[in-house]
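**Student:** Take a look at this one; I'll ask things after.
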Ligand code: NAI
């Protein structure tokens, strides 16, 4: 069999070693379910076999379902009920294991996630190898699904509804000690004892039964509306889930329903309830969108799918960061954490040392909070050299400049750095707005010039936007991506344009919020609608964070550069100017659209009502949500049209990971594909009747007519 090996020892104990050929990890595939079914039948029907131990031939046990398979099923139009049928086969197999009359032990040699844990739960006994990489959990909720291999039914029966719900609703992974304490596994043993202990259990328990198959079984703590915990488990969780998800994610509610209903029913009926809710989730595009963007495409990006082939990998061992300000400090910190030697340079030594001191303080704070050794902190700091001396750049393979956002300052540091850099070194700019091709003109080696754009705060934000200038070479791109991978961040690759990709989308979003304010839409309505759409932060709140003076600089630059009027952000500009005149620049001045009282909670500034009196009739929430999402989706489509985005995955990952675009959509382009391009274009035209910026381009209209998706 291509997915497992079955052997039987002289005591009559069968050993099933799960080991999918050509796969780095074990996942559930139709072939595996077939093979396992056949193996289980042999074990149950051959008289000389007493029972079986299930383990894996790979490092982990089983990582769950094959998400690619599920997304393909969507694409090929497999109906939700057909897809659910596959899980019915799994469930029949699991039932056969637990009711077949012979003992099955799950010998978990590492991670058992999703279907992997569900298979283990169907076994009569679970022994987990006690090592740091082992964990168990049912993380289906994080991809918009529920544990449909009996997970929503066996787990609450095993450990009680109240303990099971948080694990199912949050997809928490438990380390060995936690799994034992929770009662999910029965024993922890060192890896080398795993198989022998499991074998012994089989020999000592010839006729095991699952607790839920024993007559009179009741769930610890009870189930249903009369259980003592029902208010906490169901009513309180329901309220919390709805608050957290704003009903954009159907999986947590489906899980609550499946557990509530299923735990009041006999086991086989309970499985049918689970299957019903699972089919509903499969029919909803949210699960596909989450799987596609945040798992499959994020995985591809992390494995450097956009790296040009045939170029030798470059291991950056020495990096220079120019500018020890907010971004430079963050970049130096994450690079040193990745083991890279960093030269942190500012215009004077004090400024550079101040930057290094900030890193020292941040690391110490983190150490105090998370634990860890002083030695590790010291080692990380020892890798950072604070300096004002450009000759220190002479051994660096890569430079990232993060000096003031002014072309003249950038020109100066490019020239000074290149006087000392090795000829092969790459020069990267962390600019958020200045076109890379223009900056590359200031360099002696434009083919080795590239944009590596980090997000703030650098240590927390997972995304890096890599921007190609007109002359950037393939090798430069490949090596920039090697560097991003070293930092364990997710790269997207985009072509040059003012604002690249992410800043363009970001500006379209905040500008729409400011335009609404100027129209007399109540600010609380704007901000709450954004939250209801699942956007990470309201447009006014996030503008306060990035500051209104920075926005003014960007607008002024766009005008100075003679950009087309629609790129000059005309509808937001009056609001930006007004707040600059008032000196209300955002959080850094203690107030912008919000007030930031010292020691108190931030709240919308009461003066807004005077500046922009709310009009008598306010729009529907859905209208505001549409405007906030459509404007970003439309700008993303425009980036495809202009060739800034060449792979839809970059746009979607960039918007979700970098800007807090709602995950349930799968990103702005998948949002359009999910709606259908033609209905999207129609709605844009409707919005354009009041707000001309929503007018779709001729290119987009034609694409809609041809029915061409972005994916
Ligand atoms: P910042 O003002 O905090 O830091 C700039 C640093 O550069 C200062 O320490 C300054 O002393 C230093 N500097 C200025 N001229 C210099 C020179 N000639 N030689 C050496 N050092 C010099 O600015 P921030 O926020 O760190 O931004 C830096 C760059 O990163 C800008 O290009 C900005 O557009 C970009 N960026 C900023 C983001 C943000 O959220 N603040 C996000 C992504 C990119």
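Just so you know, all these numbers are worked out from the coordinates, no wet-lab data involved. Everything numeric in this text was worked out from a predicted model, so none of it was measured. Reconstructed Cβ throughout: ideal geometry from the backbone, glycine too, with neighbour counts over all protein chains shown.
**Student:** On a 0 to 90 degree scale, rounded to 10, what angle separates helix 349-370 from the longest Cα axis of the chain?
**Tutor:** 20 degrees
**Student:** Note the per residue figure in Å³ for the convex hull of the C-alpha positions in the stretch 1-107. Don't skip to the answer; put the middle values down first.
**Tutor:** On the way: hull volume 10.4 nm³, N = 107.
Given the Cα convex hull of the stretch 1-107, per-residue volume reads 97 Å³.
**Student:** Continuing with this model, one more query. Given the alpha-carbon gyration tensor of the stretch 4-283, what are the semi-axes of its equivalent ellipsoid in whole angstrom, ordered largest first, with each equal to the square root of 5 times an eigenvalue? Let's see the in-between values first.
**Tutor:** Working: eigenvalues 171, 91, 64 Å².
Whole-Å semi-axes of the equivalent ellipsoid: 29, 21, 18.
**Student:** What's log10 of I(q)/I(0) for the stretch 503-706 at q = 0.09, 0.14, 0.18 Å⁻¹, Debye sum over Cα points only, no solvent?
**Tutor:** The Cα Debye sum returns log10 ratios of -0.34, -0.83, -1.35.
**Student:** If I model a spin label as a point 7 Å beyond the Cα along the Cα-Cβ vector, how far apart are those points for residue 460 and residue 193 in nm?
**Tutor:** My value for the distance between the label points is 4.3 nm.
**Student:** When the expected Rg is taken as 2.2 N^0.38 Å, what fraction or multiple of it is the alpha-carbon Rg of the stretch 155-270? Working shown, then result.
**Tutor:** On the way: Rg = 17.0 Å, N = 116, 2.2 N^0.38 = 13.4 Å.
Its radius of gyration relative to the 2.2 N^0.38 Å reference: 1.27.
**Student:** Also: Bin width 10 Å, origin at 0, all Cα-Cα pairs of the stretch 318-498: what percent of pairs per bin?
**Tutor:** Spelled out per bin, shortest first, that is 10, 41, 37, 10, 2.
**Student:** Further question on the same structure: Which value results when the Cα radius of gyration for the stretch 476-618 is divided by 2.2 N^0.38 Å?
**Tutor:** Details: Rg = 17.3 Å, N = 143, 2.2 N^0.38 = 14.5 Å.
Rounded to two decimals, the normalised Rg is 1.19.
**Student:** Mark the label point 7 Å from the Cα of residue 588 along Cα→Cβ and return the residues of the stretch 536-566 whose backbone N is within less than 13 Å of it.
**Tutor:** Zone members listed by number: 544-554.
**Student:** While we're here: With labels modelled as points extended 7 Å from the Cα through the Cβ direction, what inter-label distance (nm, one decimal) is found for residue 690 paired with residue 85?
**Tutor:** Each label point lies 7 Å from its Cα, and together they span 4.7 nm.
**Student:** Could you tell me the relative contact order of the chain? Use alpha-carbon pairs under 8 Å, at least six residues apart, and round to a whole percent.
**Tutor:** Working: 1296 pairs, mean separation 63.4, N = 711.
9 percent.
**Student:** Let me ask another. Please state, as a whole number in µm²/s, the translational diffusion coefficient that the Stokes-Einstein equation yields for the chain at 25 °C and 0.890 mPa s, with Rh defined as the Kirkwood radius across alpha carbon pairs. Mind showing how you got there, number by number?
**Tutor:** Values: Rh = 28.3 Å.
The calculation lands on 87 µm²/s.
**Student:** Which FRET efficiency value, to the nearest 0.05, is calculated for residue 388 and residue 75 with the Förster distance at 60 angstrom and r the Cβ-Cβ distance?
**Tutor:** Details: r = 56 Å, r/R0 = 0.93.
Plugging the Cβ-Cβ distance into 1/(1 + (r/R0)^6) gives 0.60.
**Student:** From the gyration tensor of the Cα coordinates in the stretch 57-146, what semi-axes in whole Å does the equivalent ellipsoid have, largest first, with each one equal to sqrt(5λ)?
**Tutor:** Numbers: eigenvalues 127, 66, 17 Å².
So the three semi-axes of the stretch 57-146 are 25, 18, 9 Å.
**Student:** Using Cα atoms only, what is the angle between the long axis of helix 573-582 and the major principal axis of the chain, expressed in degrees (0 to 90) to the nearest 10?
**Tutor:** Tilt relative to the chain: about 70 degrees.
**Student:** May I ask you to compute the full-extension gain from residue 488 to residue 366, defined as 0.36 nm times their residue separation minus their alpha-carbon distance, rounded to one decimal in nm?
**Tutor:** Numbers: separation 122, 0.36 × 122 = 43.92 nm, distance 1.86 nm.
Result: 42.1 nm gained on full extension.
**Student:** Which angle between 0 and 90 degrees, to the nearest 10, do you get for helix 474-486 versus the longest principal axis of the chain when only C-alpha atoms count?
**Tutor:** Value to nearest ten degrees: 60.
**Student:** Looking at the chain only, what percent of DSSP beta bridges run antiparallel? Nearest 5 please. The partial results should precede the final answer.
**Tutor:** Values: 16 of 62 bridges.
Given both bridge residues lie in the chain, the antiparallel proportion sits at roughly 25 percent.
**Student:** Quick one: compute the contact order of the stretch 503-706, relative version, from alpha carbon pairs under 8 angstrom and 6+ residues apart, as a percent.
**Tutor:** Details: 237 pairs, mean separation 46.6, N = 204.
Relative contact order comes out at 23 percent.
**Student:** Residue 186 to residue 47: extension gain in nm, 0.36 nm per residue of separation minus the Cα-Cα distance?
**Tutor:** Working: separation 139, 0.36 × 139 = 50.04 nm, distance 2.76 nm.
Here the answer is 47.3 nm.
**Student:** So, one more: Which FRET efficiency value, to the nearest 0.05, is calculated for residue 268 and residue 228 with the Förster distance at 22 angstrom and r the Cβ-Cβ distance?
**Tutor:** Values: r = 27 Å, r/R0 = 1.22.
Rounded to the nearest 0.05, the efficiency is 0.25.
**Student:** Let me ask another. If you take the beta carbon distance between residue 412 and residue 549 as r and set R0 to 22 Å, what does 1/(1 + (r/R0)^6) give as a FRET efficiency, to the nearest 0.05? Numbers along the way, then the final one.
**Tutor:** Numbers: r = 23 Å, r/R0 = 1.02.
The computed FRET efficiency comes out at 0.45.
**Student:** Give me the number: length gained by fully extending residue 610 to residue 379, i.e. 0.36 nm times residue separation minus the C-alpha to C-alpha distance, one decimal in nm. Let's see the in-between values first.
**Tutor:** Details: separation 231, 0.36 × 231 = 83.16 nm, distance 5.48 nm.
So the chain would gain 77.7 nm between residue 610 and residue 379.
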